[in-house]
Amino acid sequence: MRMIMPNPLISLRSILILLLFVSFSSQESSLFSQETLRLEDAVTRSLQNNLGIRLARQQAEISAIGNAWGAAGALPQIGLSASGSNAVSDQSQNPTSFIQEKLESESINVGGQLNWVLFDGFGMFANKRALDRLQEQAEGQAALVIEQTASATMQAYNNVLVQLALRDVLSAAMGVSRARLDWMEVRQATGAASTFDRLQFANALLTDSLAWLQQNASIEQSTNALNRLMGELAESQWKFTTALNAPKSRNDFGELRSEVFSNATVIQNALIAQELAGVGVQQARARLSPNVSLNASQNEQSSRFEAGDLSGDGVTKNLSANLAVNFNLFNGGATRRAIQQAKVQVAMAEMQAEDQRREVDRLLQDAWSRWSSAEQTHLISMQLTENSRRSLEIAQERLASGAINSLDFREIQMQVINLQQQQLQALNAWQSADIELQRLSGVWTIETQLP
């Protein structure tokens with residue numbers, strides 16, 4: 001019994017059609033829901049929807065509300081009180097009472113109090129400076145979260161662009177492999193080529209198609225990562241309109257380093273913490289000074305009395321003012337210990353600020369090294385890619401003339417694919433390092449109105 005073997009060419013085309021149909025179907029299902037998305041729009045969406053930024057902004061708002069002279073203890077405290085009473089005592093049936101009548105009395109008492117610390121060793125001014133530093137610290141923390149979110153979003157957006165470009169590279173490779181396969185089929189039909197050569201090109205097309213499909217999965221994963229940063233649904237699809245361009249040239253590292261040490265948010269936050277520690281010393285020393293306070297009160301009582309035919313009204317007013325001076329002669333050394341502890345806090349804050357400077361310098365050196373290396377790598381990759389494209393054109397001519405075989409042609413084609421991928425990866429690394437340099441230099445001034 002003769003077995004009928006399937007035509008390998010028919011199987012190959014069926015597999016390719018099936019794979020491409022599945023891929024294009026998944027893309028077409030989301031085509032109508034795609035929106036254009038620029039890099040600036042992606043950053044704006046992340047800043048508006050990021051919960052960490054919302055929390056940091058709310059903390060800054062709390063600090064701003066609490067930053068007031070009243071909270072520092074510099075304003076007086078004023079209180080008002082009022083009370084009323086009504087009493088009835090029926091003594092008409094009491095033979096032992098001196099006045100055998102129904103006794104009725106009413107009274108209303110209104111009073112006001114004033115408490116004001118006039119001098120506390122300038123502690124109230126130190127408290128206000130501490131509140132100012134706390135507000136700046138909260139705002140600096142919010143700015144740091146904004147920078148980190150913007151940086152992560154920009155890198156995620158660029159990564160999607162790289163993944164899309166890598167798919168275009170594979171699409172071009174599929175086009176070359178498909179054209180070579182069609183050409184080889186014609187030659188095989190005329191007896192000018194062997195089955196071995198046709199199978200090599202068929203395998204090349206299958207390999208490129210599989211890599212293309214796998215690249216679609218990478219695009220989906222990178223898009224999902226971007227959607228998470230923007231706070232969008234995982235299935236959201238976008239039409240990315242910002243191009244992945246090379247960063248602007250940077251030549252003066254000394255000027256960049258100066259900008260970083262002047263504007264870096266983490267360094268500014270460390271300096272604010274150092275100033276806050278210095279204010280703590282002033283607050284502790286204020287306890288060595290006398291405390292002068294003013295206490296004043298005014299009280300007015302209106303009353304009415306009725307006992308049979310007898311009745312009368314009365315008003316009583318009381319005014320008082322008290323100027324008190326309190327000076328703590330000895331409290332077990334608590335004030336001295338508080339001053340010493342505050343000084344230690346200042347020393348610790350100075351060391352932390354210096355540590356932040358060193359860490360920023362380390363990050364700057366690392367980002368600059370990656371930036372410079374990626375720049376050179378990208379320039380060299382561009383030249384190598386251009387040379388490999390010309391080599392592929394020459395290889396096509398030599399393949400047609402029989403100077404090289406299918407294996408040699410595939411090797412040159414893979415070299416083109418690899419070099420194009422290396423060029424894109426170098427460009428992505430270059431952009432990533434440039435974004436980090438921008439973040440460290442503090443050049444971003446992002447104002448976002450959160451709903």
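The values are calculated or read from the model by the stated rules, or taken from the named source; none is laboratory data. Every value quoted in this text rests on a predicted model; they were computed, and no experiment measured them. Backbone-built Cβ (ideal geometry, glycine too); neighbour counts: all protein chains shown.
Being basic (Lys, Arg) and not in a helix (DSSP H, G or I): is that true of ARG285 here? The answer is no for ARG285. Taken over the stretch 152-182, the criterion of being of a type outside the set (Gly, Ala, Ser), under 19 Å from LEU407 (Cα atoms) and either in contact (Cβ under 8 Å) with a residue 24 or more places away in the chain or buried (at least 16 other Cβ atoms within 10 Å of the Cβ) (or both) is satisfied by LEU170, MET174, VAL176, ARG178, ARG180, LEU181.
Is it fair to say SER89 is in contact with a Gly (Cβ under 8 Å, 6 or more places away or on another chain), of a type in the set (Ser, Thr, Tyr) and free of Cβ contacts under 8 Å to residues at least 40 places away in the same chain? No: the conditions fail for SER89. For the stretch 64-90, a residue qualifies if it is at negative phi and in a loop (DSSP other than H, G, I, E, B), and the qualifying residues are ASN67, ALA68, ALA74, LEU75, PRO76. From the list ALA217, ALA189, the one residue that fits, being aliphatic (A, V, I, L, M) and either over 29 Å from ALA426 (Cβ atoms) or modelled with pLDDT under 90 (or both), is ALA189. Scan the stretch 153-162 and give yes if some residue there is part of a helix (DSSP H, G or I) and farther than 30 Å from LEU55 by Cβ, otherwise no. The answer is yes, given that some residue of the stretch 153-162 is part of a helix (DSSP H, G or I) and farther than 30 Å from LEU55 by Cβ.
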